[in-house]
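Here's the structure we're looking at; comments come further down.
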Amino acid sequence: MADLITEPNLADVDGFYERLIAAHAGLDDDASRQLNAKLILLLANHIGDNAILDTALKLARRARDGSD
Amino acid sequence: MVSSYTHPRYAAAVPPELSDGSVRRVPVVIVGGGPVGLAAAGEFARLGRETVLLDEDDTVSTGSRAICWAKRSLEVFDRIGVADRMVDKGVVWKLGRLFHRDREVYNFDLLPEDGHKMPAFINLQQYYVEDYLVDAVTALGKTDMRWKNRAINLEVLRDGAARLTVVTPHGQYAIEAEVVLAADGVRSPIRTSLGLDFEGKVFEDRFLIADVRMKADFPSERWFWFEPPFHSGQSVLLHKQPDDVYRIDFQLGWDADPEHEKKPEVVIPRLKQMLGEGVAFDLEWVSVYTFTCRRMARFRHGPVFFVGDSAHVVSPFGARGGNGGIQDIDDLCWKVDRVLKGETPAALLDTYDDERIPAADENILNSTRSTDFMTPKSQASADFREAALEMAADLPFARRIVNSGRLSMPHTYRVTPLNTSDDEVWAGGPAPGAPALDAPVLAKSAPWLLNHLGHRLVALHFTEHASAVEPFAIDGVETVVVARQGQASRATTLIDPDGTVFRRYAAHDGTVYLIRPDQHVAARFGTASMAAVERARDRALGLVHDQQPRRAAGA
């Protein structure tokens, strides 16, 4: 699990979530998917640590029953 | 529909105005005998002030309506003297459990800390709350309760007072008041008669509320489902109330027809899908509501103060409606009392807007965000919600994103002219504007700190040993000493044997907190001087308006 933080780490998470959803306002589904893709690339570059990113990829890919 | 509760009928006497034809002028009229109006009457009575309360009916609420009472409201109810009865009857809960589709995702504890007199939440039907408040207010003997008195109009007179027109079964009369509290609900006739309205959002979603009486073994917890198998694609909330009554809220969607959805032949199959065919239940109350998050631009209009639903409405997930209203009167009553006594300038009343508008905005913001999470308005919003719910079972950060209602917390009045800013960095404790924190104490009377605060200004003076301090003698402020050691030999000496009060207030020997009559912190000093406390007192009462500390003249 390297050093990916999975405990709460974001101050005012409700405020961030609101802005995240608002960023999608008025976009069609394609534009919305593109926004998310750009966002992931921006944040990955900012994190800049492949071990952390690999852990995140693995967790995000994991099925909801907890299996890999 | 059956009811587990028998509604009292209160005697509606002929008002004196109708027997002698006079127009009286009284200091305070409260319009509306719901929980907020009745709590105001109780708080005024505790402050020693007589009021006239007008209510259009002669009984308590029909249907259970507001059911979740938060810790801060219970603390206000405790000042009035009804909290013990409420807690005894109510269902105490602090655990919330969250489900997504067919599985439990996580649960959360609302009050992980012991050593508070009041629980995090109780569930109690609104009719019980009103019933107990009527009993308490009647026993206090300060309130002229006028049942079947419907205020239909209000005009502001040239001298600044208000004149109300009141309709009763015996005829119509007028009464004048220096101050009117409009606690007359979301459709407030007083608001309408002043030509005022709400501003803000109506959300395109509807919910069905069903109160169901049944023998079931659901625990005393708040259960929330996103997209449960028994109510496809929507949300459902379950809450336990006293008398084997359960509150169940079903999200219906905007297209639902409210009149159709309320019919028992529609409601009962929905409930059977949820509860299973074998569970016997009776419908106690059914209603359909539309989400709204709106408020008036200002809550004070001359002599008229809007409190509770007449001033602001929120969606119900978070219990911020009834509890927000109780906090309104918590903030307002002592100010009205002081100004009417002539002790402070009338400008103190403007701080009701300064303090309660940001509080209403906080409630509306939280309520809006919960509503948006429950009813995603775009595919992206639905995707993020799905992602958060999927991860929430395993990854703690995702639990914080899931929003099934952010439950009512008391507002901290961060920006108010009544606060004195900290002049040092504090490691904790309630900041100026925050409500005082409860803790157990040893005392001659009540063993809880909050029972020693309220209804007057208190300087809470911390000291190592009860006999080692000379309590401040400050005009208009009662000093209550909190000591780690010694004897509670005086009514105003409290002993803190295990240091809980010191810890919760980040206090040391010599610390002083100045606490307002509504139990909110006005100022605090790591090491206090009498002069500094006196200046903070003047600011807390609205006697001075500067935000900068200044030297007392001639001190």
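The values are calculated or read from the model by the stated rules, or taken from the named source; none is laboratory data. The structure presented is a predicted model; accordingly, all values stated were derived computationally and were not measured. Positions of Cβ are backbone-derived with ideal geometry, glycine not excepted, and every protein chain shown enters the neighbour counts.
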Inset, instruction - Considering each of B:Ser489, B:Ser467 in turn, give the residue that is in a loop (DSSP other than H, G, I, E, B) and more than 24 Å from the chain's Cα centre (by Cα). - result: B:Ser489
Inset, instruction - Evaluate the following for B:Ala393: is it at pLDDT below 95 and farther than 19 Å from B:Glu204 by Cβ? - result: yes
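So that you can scan it fast, the table gives a plain yes or no per residue for (1) among the hydrophobic types (A, V, I, L, M, F, W, C); (2) more than 8 Å from chain B (Cβ to nearest Cβ); (3) surrounded by 12 or more Cβ atoms within 10 Å (Cβ to Cβ); (4) assigned to a helix (DSSP H, G or I):
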{"residue": "A:Glu7", "(1), (2), (3), (4)": "no, no, no, no"}
{"residue": "A:Asp14", "(1), (2), (3), (4)": "no, no, yes, yes"}
{"residue": "A:Leu35", "(1), (2), (3), (4)": "yes, no, yes, yes"}
{"residue": "A:Lys38", "(1), (2), (3), (4)": "no, yes, no, yes"}
Inset, instruction - Collect the residues in the stretch A:40-66 that are loosely packed, with under 11 Cβ neighbours inside 10 Å, within 11 Å of chain B (Cβ to nearest Cβ) and among the small types (Gly, Ala, Ser), keeping them in residue-number order. - result: A:Ala63, A:Gly66
Inset, instruction - Output the qualifying pairs, or none if there are none: Cβ atoms under 6 angstrom, residues six or more apart or on different chains, first residue in the stretch A:19-30 and facing another protein chain (nearest Cβ under 9 Å), second residue surrounded by 12 or more Cβ atoms within 10 Å (Cβ to Cβ) and of a type in the set (S, T, N, Q). - result: A:Ile21/B:Ser381; A:His24/A:Ser32; A:His24/B:Ser378; A:Asp29/B:Gln379
Inset, instruction - Name the one entry in B:Val501, B:Val481, B:Val533 that is more than 27 Å from the chain's Cα centre (by Cα), in a helix (DSSP H, G or I) and at pLDDT 95 or above. - result: B:Val533
Inset, instruction - Would you list the helices (runs of 4 or more DSSP H) that sit entirely within the stretch B:182-277 and hold 1 or more residues that are closer than 30 Å to B:Val304 by Cβ? - result: B:189-193
Legend entry - Meets criteria (out of contact with any Leu (no Cβ under 6 Å at 6 or more places or on another chain), aliphatic (A, V, I, L, M) and either within 17 Å of B:Ile30 (Cβ to Cβ) or buried (at least 19 other Cβ atoms within 10 Å of the Cβ) (or both)) for B:Val202: no
Legend entry - Residues of the stretch B:367-416 satisfying the condition of being in a loop (DSSP other than H, G, I, E, B) and hydroxyl-bearing (Ser, Thr, Tyr): B:Thr375, B:Ser378, B:Ser404, B:Ser408, B:Thr412, B:Tyr413, B:Thr416
Legend entry - Counted residues, the stretch B:4-50 - those being basic (Lys, Arg) and touching a strand residue (DSSP E or B) at 6+ places or on another chain (Cβ under 6 Å): 2
Legend entry - Selection within the stretch B:321-367 - within 14 Å of chain A (Cβ to nearest Cβ), crowded, with 20+ Cβ neighbours inside 10 Å and in contact (Cβ under 8 Å) with a residue 60 or more places away in the chain: B:Ile364, B:Ser367
Inset, instruction - Return the total of residues in the stretch B:157-181 being buried (at least 18 other Cβ atoms within 10 Å of the Cβ) and among the hydroxyl-bearing types (Ser, Thr, Tyr). - result: 2
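Report yes if some residue within the stretch B:427-436 is within 14 Å of chain A (Cβ to nearest Cβ) and either in a loop (DSSP other than H, G, I, E, B) or touching a residue at least 60 places away in the same chain (Cβ under 8 Å) (or both); otherwise report no. Working first, answer last.
Here is the first cut: in the stretch B:427-436, the ones within 14 Å of chain A (Cβ to nearest Cβ) are none.
No - not one qualifying residue is present in the stretch B:427-436.
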Inset, instruction - For B:Asp350, state whether it is closer than 21 Å to B:Phe121 by Cβ, in the same structural domain as B:Thr192 (by TED's automatic domain parsing), among the acidic types (Asp, Glu) and not in a strand (DSSP E or B). - result: no
Inset, instruction - Could you give me the residue pairs with C-beta distances under 8 Å whose first residue belongs to the stretch B:371-399 and is in contact (Cβ under 8 Å) with a residue 40 or more places away in the chain, whose second residue is basic (Lys, Arg) and in a helix (DSSP H, G or I) wherever it lies, and which are 6+ apart or on separate chains? - result: B:Ala392/B:Arg399
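Residue-by-condition table, conditions (1) crowded, with 24+ Cβ neighbours inside 10 Å; (2) out of contact with any helix residue (DSSP H, G or I) (no Cβ under 7 Å at 6 or more places or on another chain); (3) over 30 Å from B:Glu176 (Cβ atoms):
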| residue | (1), (2), (3) |
| --- | --- |
| B:Gly48 | no, yes, no |
| B:Arg72 | no, no, yes |
| B:Asp84 | no, yes, yes |
| B:Lys89 | no, no, yes |
| B:Arg97 | no, yes, yes |
| B:Pro112 | no, yes, yes |
